[in-house]
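What follows is a single structure, written as structure tokens, with notes after it.
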Amino acid sequence: MILTLAFRNLFHDRIRLAVTLVGILFSIVLVAVQLGLYLGSSRMITNMIEKTNSDLWITTFGAKSFEEGGILLTSGQRHQALATPGVKAVIPMVSAFAEWRKPGGGSTRVAVVGIDAEDGGLEPWNLIEGTWDDIRAPDAIAVDRSYLGDLGIQGIGDTAQIALGRVRVRALTEGIRSFTQSPYVFTPLQRARNLLNMDGEKGDKSTFFLVQLEPGANLETVRTALQERLEGTDVLTKAEFRDRSLAQWLFKTGAGIALIGGALLGILVGTVIVAQTLYSSTKDHINEFATLRALGSSGSYIHKVILAQAGLSAVIGYSLGMIIALLILYLSRNSPLPLVMTPGLAFSLFALTLFMCAISAVSAIMKVTKIDPATVFSR
Amino acid sequence: MTNETPVLEARDIVKELGKGAGKVMALKGVSLKLVPGELTLLMGPSGSGKTTLLSILGCILSPTSGEVRLAGHSTTGLGPEQLAELRRQHIGFIFQSYNLFPTLNAVENVRIALDVLGQKGYPAAARAEEVLREVGLGHRLQNFPSNLSGGEQQRVAVARAIAASPSIVLADEPTAALDSENGHAVMALLARIAKEQNRSVLAVTHDPRTLGYADRVVRIEDGKIVGEERRPEGVNSPEITDLTKKRRKANA
């Protein structure tokens, strides 16, 4: 009967129910979009790091992120790393921003990623046209299809210029996006060095070394040994470098704080709207609650009715909110910053909605706690 | 006066309402006993303390002084939850304005009284239908209060009051909102509940139409009991006299 009464109380006033549901829906959509953007951003920032086949990353000291690592590591340092017990391979990689000159005029900034796929450290994934072998051709590069417009090109075979070197698109990826909005350009290691004008003295330098360990080697021991050997570098686990990149782009730039702030605002607005409507509903049904009290119901029985009302509002509001959130998610799939929804986020949002509605019920519960059952005789 | 053991007993009840200069002594030392099988009327003018006494007897208000004993237990010093427990175990209420839940149909309105008592599912639904049939509403089980007449609504309220088989039924002006025909029907129903189910029924009223159904009439004025009369057989309606005789015969 608790659920029946809660359901009937809720649906008794359809307009108020609509207001409640709009409040929850608005809150859920806002939180889902903000957290979806946060997840999407996080995924973009860490994607390149996560996709590497490495146990440790060697970066220049204080490297902030994948895109901002500097090009300072030398081949001498690489050999020192290779000579460290427990190290199986040290794969050099270059990552740096460069100017992309469009064939039709104008320019934009790109992030050049140079690595040799045969080393087994990283290769462009989600290739939809062309192969890695195609990229090994002279002047060849791979870019993401979603950035073709930004780069001022049409597709495979088109040419452009990066810094001082001519490049030709030989392969296309899909869904490899950059949080910095500077498209990634994949090319072999030496070609990247050439494009970034690192010939001559600097011709053997790298941004990162991807370290693969011998089977059974202790990661911490190897890391300590590498750190001792390589002055002026940081030796990081994949997780540490990922966290450092996230901290740089999401928190030091304030982007993540804005997204989380938006989500908190959504929760706050939703809670206030639901609290207000639950309170007014309780006030409208106060005589019925007083009657229940007079009939001998316990305080907890009445609290359960209010919590059931809050729970029903949460379930209906969440369902409607998620439908709209998923629709926005679908529409954002080709945008520069696609939203991400995971089962974990969907479940967390549901738990958050229930929590929000339970918190909203507090004012209504406080109201019924003060009910004087003697009021049933005064009507 | 009957010698039966009282199911509810109030001794020297004093109740002060309000504070400071606005303080009013609503009850000034009232004593009253209710025994099973009797319909007692509590009559008095407005402001005489009838409803306050009903609230105290129903464990809704606590007296300023004096003692209420319900089914052998003193209510002195009990908290709101303990008083609620006593109410749901021993007392059924009928209100002047029926106080039905507008969003629940007749069966559900009765079931909720069983639900607060922990009786759920099919047995509770069956019991709710049974008592509604007992009060003559077998054909209105699924109707919502807005689709019931005043008399029917009050009968649903009576069914709700007796569904959990309480030993005491307290009614606050049960006929005040009803026309003559429905008023008589409800009083006859309350008399039947007292006699046939051996419950103690106390109805607060100032409706003279109800006198014919009473076994006892207690008069209250200015917070004090000013008179009590037992209705002799034959003064009551023939139906009630007959029911009284049957009950006495059964108890003999």
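Given a 1.4 Å probe and the protein chains as shown, A:ARG43 ends up with an accessible area of around 120 Å². Positive end of the charge dipole of the protein assembly as shown (Lys, Arg +1 and Asp, Glu -1 on Cβ, about the Cα centre): tell me which of A:VAL19, A:GLN248, B:ASN182 has its Cα farthest that way. Sorting the options by dipole projection puts first B:ASN182. The order of B:HIS139, A:HIS12 by accessible area, most exposed first and with a 1.4 Å probe, is B:HIS139, A:HIS12. Size descriptors for the stretch B:94-142, from the alpha-carbon set: Rg then Dmax equal 10.5, 30 Å. Taking label points 7 Å from Cα along the Cα-to-Cβ direction, B:SER65 and A:LEU265 give a separation of 6.4 nm.
Kirkwood hydrodynamic radius, the stretch B:156-205, all distinct C-alpha pairs: what's the number in Å?
On the way: mean 1/r = 0.0912 Å⁻¹.
Mean inverse Cα-Cα distance, inverted, gives 11.0 Å.
How do B:VAL169, A:VAL269, A:VAL22 stack up against each other in accessible area, from largest to smallest, with a 1.4 angstrom probe? Present the calculation step by step, with values, prior to reporting the outcome.
Numbers: B:VAL169 0, A:VAL269 50, A:VAL22 90 Å².
Final ranking, largest accessible area leading: A:VAL22, A:VAL269, B:VAL169.
Which length gain, in nm to one decimal place, applies between A:ALA258 and A:PHE7 when the Cα-Cα distance is subtracted from 0.36 nm times their residue separation? Could you put the intermediate results ahead of the total?
Values: separation 251, 0.36 × 251 = 90.36 nm, distance 3.75 nm.
Gain on stretching A:ALA258 to A:PHE7: 86.6 nm.
Charge dipole (Cα centre; +1 on Lys/Arg Cβ, -1 on Asp/Glu Cβ; no other charges) of the stretch B:1-130 amounts to roughly 400 debye. If you take every DSSP beta bridge whose two residues both sit in the stretch A:62-231, what share of them, in percent to the nearest 5, is antiparallel? Beta bridges within the stretch A:62-231, antiparallel portion: roughly 75 percent. From the P(r) of the protein assembly as shown, can you give the percent of Cα pairs sitting at distances over 32 Å? Tail of P(r) above 32 Å: 64 percent of Cα pairs. In plain terms, if you count all Cα to Cα distances in the stretch A:171-291 and split them into 5 Å steps from zero, the share in each step is 2, 7, 8, 10, 12, 13, 11, 8, 5, 5, 4, 4, 4, 3, 3, 1, 1, 0, 0 percent.
Using a 1.4 angstrom probe with every protein chain in place, what is the largest-first accessible-area order of A:MET366, A:MET356? List each step's numbers first, then the result.
Details: A:MET366 110, A:MET356 5 Å².
So, going from the largest accessible area down, we get A:MET366, A:MET356.
Springs between alpha-carbon pairs under 10 angstrom, Gaussian network model over chain A: which of A:LEU122, A:LEU73, A:LEU327 fluctuates most? Comparing A:LEU122, A:LEU73, A:LEU327 in a Gaussian network model of chain A, the most mobile one is A:LEU327. Interface residues of the stretch A:1-16, defined as those losing at least 50 Å² of solvent-accessible heavy-atom surface relative to the isolated chain (probe radius 1.4 Å), are listed as A:MET1, A:LEU5, A:ARG8.
In the context of the full protein assembly, A:GLU68 retains an accessible surface of approximately 70 Å², using a probe radius of 1.4 Å and ignoring ligands and nucleic acids. The percentage of C-alpha pairs in the stretch A:152-195 whose separation is greater than 16 Å is 44%. The calculated P(r) of the stretch A:62-231, using every Cα pair and 5 Å bins from 0, goes 1, 9, 17, 20, 19, 13, 9, 6, 3, 1, 0 in percent. With each label modelled as a point 7 angstrom along the Cα→C-beta vector, the A:SER348-A:THR108 pair spans 3.1 nm.
Looking at the protein assembly as shown only, what percent of DSSP beta bridges run antiparallel? Nearest 5 please.
Details: 55 of 82 bridges.
Here the antiparallel bridges make up roughly 65 percent for the protein assembly as shown.
Stick to Cα atoms and the Kirkwood definition of Rh, then tell me Rg/Rh for the stretch B:103-179.
On the way: Rg = 11.8 Å, Rh = 12.4 Å.
Rg/Rh: 0.95.
Accessible area per residue was computed with a 1.4 Å probe on protein heavy atoms; A:THR224 scores about 70 Å².
Keeping every protein chain present and rolling a 1.4 Å probe, give me the accessible area per residue for chain A in Å².
In whole numbers, chain A has 43 Å² accessible per residue.
With only Lys, Arg, Asp and Glu charged, each at its Cβ (+1 for the first two, -1 for the last two), find how big the charge dipole of chain B is about the Cα centre; round to the nearest 20 debye. Mind dumping the intermediate values first?
Numbers: 31 positive and 28 negative charges, 74 e Å.
For chain B, the charge dipole is close to 360 debye.
Compute log10 of I(q)/I(0) for the stretch A:209-351 with the Debye formula, placing one identical point scatterer on every Cα and leaving out solvent, at q = 0.09, 0.14 Å⁻¹, to two decimals. Debye intensities relative to I(0), on a log10 scale: -0.59, -0.91. Using R0 = 45 Å, the C-beta based FRET efficiency linking A:LEU327 and B:ALA177 works out to 0.30.
Chain B: D in µm²/s via Stokes-Einstein (Kirkwood Rh, Cα pairs, 37 °C, 0.692 mPa s)? Intermediate values should be presented prior to the final figure.
Working: Rh = 18.5 Å.
Translational D for this selection: 178 µm²/s.
The values are calculated or read from the model by the stated rules, or taken from the named source; none is laboratory data. Everything quoted here is computed from the prediction, not taken from an experiment. Cβ coordinates were reconstructed from backbone atoms using ideal geometry, including for glycine residues, and neighbour counts include every protein chain displayed. Surface areas here come from the heavy atoms of the whole protein model, side chains and all, with no ligands, DNA or RNA. Shrake-Rupley method; radii C 1.70, N 1.55, O 1.52, S 1.80 Å.
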